[in-house]
């Protein structure tokens, strides 16, 4: 999907270039070009404690217990004040916290609410500066994507590991005892990172669990395109954009969906949040899966089983990957208020 948006952007005359809080940008890739270039978790200028706070604040907004629990331990290890962690854990008011901590938490909360106010943005910009702020939001987006993957497969903590996040629901019990997720355990080790450590490296994720394990079950975008086709990939992206009320991502994705032949009835069901009836089985399952994933922060055992039957494990994991990427993009597009190109009207009501 990203290559479709990029092509559309390149074809636009300069006078029609889209704008964001960073100036002239055309989508999440253009916003990411403002990053510092360092590994945004391990080396960014805010330091490890605030990096872990950004991750925790994101995990809290997604009700993601595995992501939260591992990173709470990491946050304490790198010196984040436990009182700040308690504020995030229990969604307490921010009064009395230091300025930087307040800014990170407020930013994460407003991104999750799909609108970052000008006041919060100005405070974040003054606190961190433009480049570091893009780094911080990129980190939040990356962990929103990770939360999407973990929640889709119902990743739970290994036996003996404590889960530290209070949840408004009881997670489904449809997991394998060894992987502690809906995915059977694959013991093939992931290749070691060549340079900087990747997310969830340094043995932070217990063996057989976490995003590395999830990734081993997918085939990648080319495999997915060959198997299910572009229209269904567009549906996964549209469901995600709709769930995040992301006007730019929705509109640009709908343009691609029209070109790829997604039926207008399917687009209308997603746009208006209508019941997913009267459309194809695969589209119905994809829509219901995405709505549970982003709306409830868990996918029921029944919906997951149905999706697994319709798509198979490899394609389902790759479709979740599409949704994860668009959740990542949504954080950046929302934080920096990405506007549509001049003359292009939004096809999604705010």
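Every read-out reported here was derived from the displayed coordinates using simple, explicitly stated rules and does not represent laboratory data. These numbers come from a predicted model, not from an experiment. Virtual Cβ from ideal backbone geometry, glycine too; neighbours counted across all protein chains shown.
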field: Estimated FRET transfer efficiency when R0 is 41 angstrom, pair residue 173-residue 227 (beta carbons, to 0.05)
entry: 0.90
Estimated translational D of segment 211-335 in µm²/s (Stokes, Kirkwood radius over Cα pairs; 25 °C; 0.890 mPa s): 170
- prompt: With labels modelled as points extended 7 Å from the Cα through the Cβ direction, what inter-label distance (nm, one decimal) is found for residue 346 paired with residue 277?
  reply: 3.0
field: Ranked 244, 114, criterion: other C-beta atoms within 10 Å, fewest first
entry: 114, 244
query: Hey, how many Å between the Cα centroid of segment 62-78 and the Cα centroid of segment 269-345?
result: 25
field: Simple spin-label estimate for residue 125 and residue 302 in nanometres, 7 Å along Cα-Cβ
entry: 4.8
query: How much length is gained on full extension from residue 117 to residue 163, taking 0.36 nm per residue of separation minus their Cα-Cα distance?
result: 13.3 nm
field: Estimated distance in nm for a label pair at residue 260 and residue 45, the labels positioned 7 Å out from Cα along Cα-to-Cβ
entry: 3.8
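Could you order the peptides 128-141, 19-32 from most to least packed, using the average number of other C-beta atoms within 10 Å per residue?
Result, highest mean Cβ count within 10 Å first: 128-141, 19-32.
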